[in-house]
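Below is one structure, written out as structure tokens; comments come after it.
Any read-out appearing in this document is the output of simple, stated calculations on the displayed coordinates, not a laboratory observation. Just so you know, these numbers come straight off a predicted model, no measurement behind them. Virtual Cβ from ideal backbone geometry, glycine too; neighbours counted across all protein chains shown.
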Amino acid sequence: MRIVLTLFFFTIYSFCTAQVTGGESIYQFLRLSNSAHATGMGGMIVSNPSEDVAFAFANPALLRPSLHNQLSINQNFFITGSSYSNTMYASYSPKLKTTFAGGISYMNHGKITATNYFGQTLNNVMATEICAQISASKSYKKKWRGGASLKFVNSQLADLQSAGLMADAGVIYFDTAKQLYVGMLAKNIGFQFNKYSTQSGSEPLPFDMQLGISKKFLKAPFRLNAIVHHLYQWDIRYDNPADKVDNSFFGNTDTAVNTYFADKLFRHFNFGVDLLLGKRLELNVGYSHQRRGELALKEKLGMAGFSFGVGLNFPKFNLHYGRNVYNLAGTNNEIGINFKMKEMFGLGKSAIGDW
């Protein structure tokens, strides 16, 4: 296992040094939250131990025996008619001592009006993207669990098409007695084998490296979550010319640039809180400094960057709602349900064990 982990992190490091750090990447829908529960906590999940099989979309190491025979369905409603749908099912194999899962993510960007060079309307075109993945997770000794996902992505944007093959890999350290969970994750490692244009080179993928910690204090009714993303790149701010100020000194024009150290640092952080009100009800709050910095209106910041959620946990299913605030002009809402197939429909077997 040590050799595997060493090779894993060496491979990740080698891959990071080859990434394009500037500009945007393709398949941006893979950065979106796949779970209403995750949406309520800021949109990122690395180490949260909640009983939500959709968390395996974010980190395959979160798959475990207690999620056996569970089906998750989540629907995200964006503005202007676009939507994002996610479905995942998990199954534990006692013989292999491994938890497997299969999932599909479907992004519909809605109808787009096509025009010519003169601005004349031609017709309406569709833009859709889909990702199909298989995941597996296995424990190591008593407090470690590793997981990996293999993902096939197909993107159809009007008359342009692209496809790629990617993988996620993650590890979790867990101490259930202390309610402490620490995870590390590398997302979207792979390549694009079908380009949008044969005239251009391969576009950068939405690669990311994340580190997360979740901690519940024994006598407190809440769990704290903190995630650091883009570990391989320090400055993830946009290069904004407005940040540069010209100063005249002794007849010379000098350019002063604010380093924005604190802003650069906290753009790497996502924070979330699970408030557990008994066995049935929980409330979620999250904050993304990067989202607030990029999307908030300077005149009226409002609640940009914050997210909120509520969950109802029943013996046969769990129901979650999440709301993500981009700025005063736009929010997105997501609803998700997680079925325990044996208890709800009498199908298959009940979950066995926990971690």
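Calculated from the alpha-carbon coordinates, the stretch 119-176 shows an Rg and a Dmax of 19.3, 65 Å respectively.
Computed FRET efficiency, Cβ-Cβ of Ala226 and Leu165, R0 51 Å: what is it to the nearest 0.05? Walk me through the numbers before you get to the answer.
On the way: r = 31 Å, r/R0 = 0.62.
About 0.95, to the nearest 0.05.
For the stretch 32-176, the share of alpha carbon pairs falling in successive 10 Å distance bins from zero is 11, 36, 28, 14, 7, 3, 0 percent.
Length gained on full extension, Leu157 to Phe217, computed as 0.36 nm times the residue gap minus the Cα-Cα distance: 16.9 nm.
Extension gain, Leu328 to Tyr196: 0.36 nm times the residue separation minus the Cα-Cα distance gives 44.1 nm. The aspartates and glutamates within cross-link reach of Lys142, meaning a Cα-to-Cα straight distance under 16 Å and a gap of 8 or more places when in the same chain, are Asp175, Asp354.
Restricting to DSSP H runs of at least four residues, report the calculated mean residue ellipticity at 222 nm for the chain, -39500 (n - 2.57) per run over all residues, nearest 500 deg cm²/dmol.
Values: 5 runs with 39 residues, N = 355.
Computed mean residue ellipticity for the chain: -3000 deg cm²/dmol.
Projecting the Cα atoms of Tyr238, Leu224, Gly322 onto the charge dipole of the chain (Cβ charges, centred on the Cα centre) puts Leu224 farthest toward the positive pole. Computing FRET efficiency as 1/(1 + (r/R0)^6) for Ile104 and Lys143, where r is the C-beta to C-beta distance and R0 is 30 Å, gives about 0.40. Take Asn123 and Leu312, extend 7 Å from each Cα along the Cα→Cβ direction, and tell me the distance between the two endpoints in nm. Inter-label distance under the simple model: 4.5 nm. In summary, the chain shows an alpha-carbon radius of gyration equal to 1.06 times the 2.2 N^0.38 Å reference for compact globular proteins.
Taking only the C-alpha atoms, wrap a convex hull around the stretch 277-355 and report its volume per residue in Å³ as a whole number. If you can, show how the numbers build up before the last one.
Values: hull volume 9.4 nm³, N = 79.
Here the figure is 119 Å³ per residue.
Computed log10 I(q)/I(0) for the stretch 51-129 at 0.17 Å⁻¹: -0.71, from the Debye equation with unit scatterers placed on every C-alpha and solvent omitted. Nearest 10 degrees, 0 to 90: what angle lies between the long axis of helix 2-17 and the longest principal axis of the chain (Cα atoms)? Between helix and principal axis, roughly 20 degrees.
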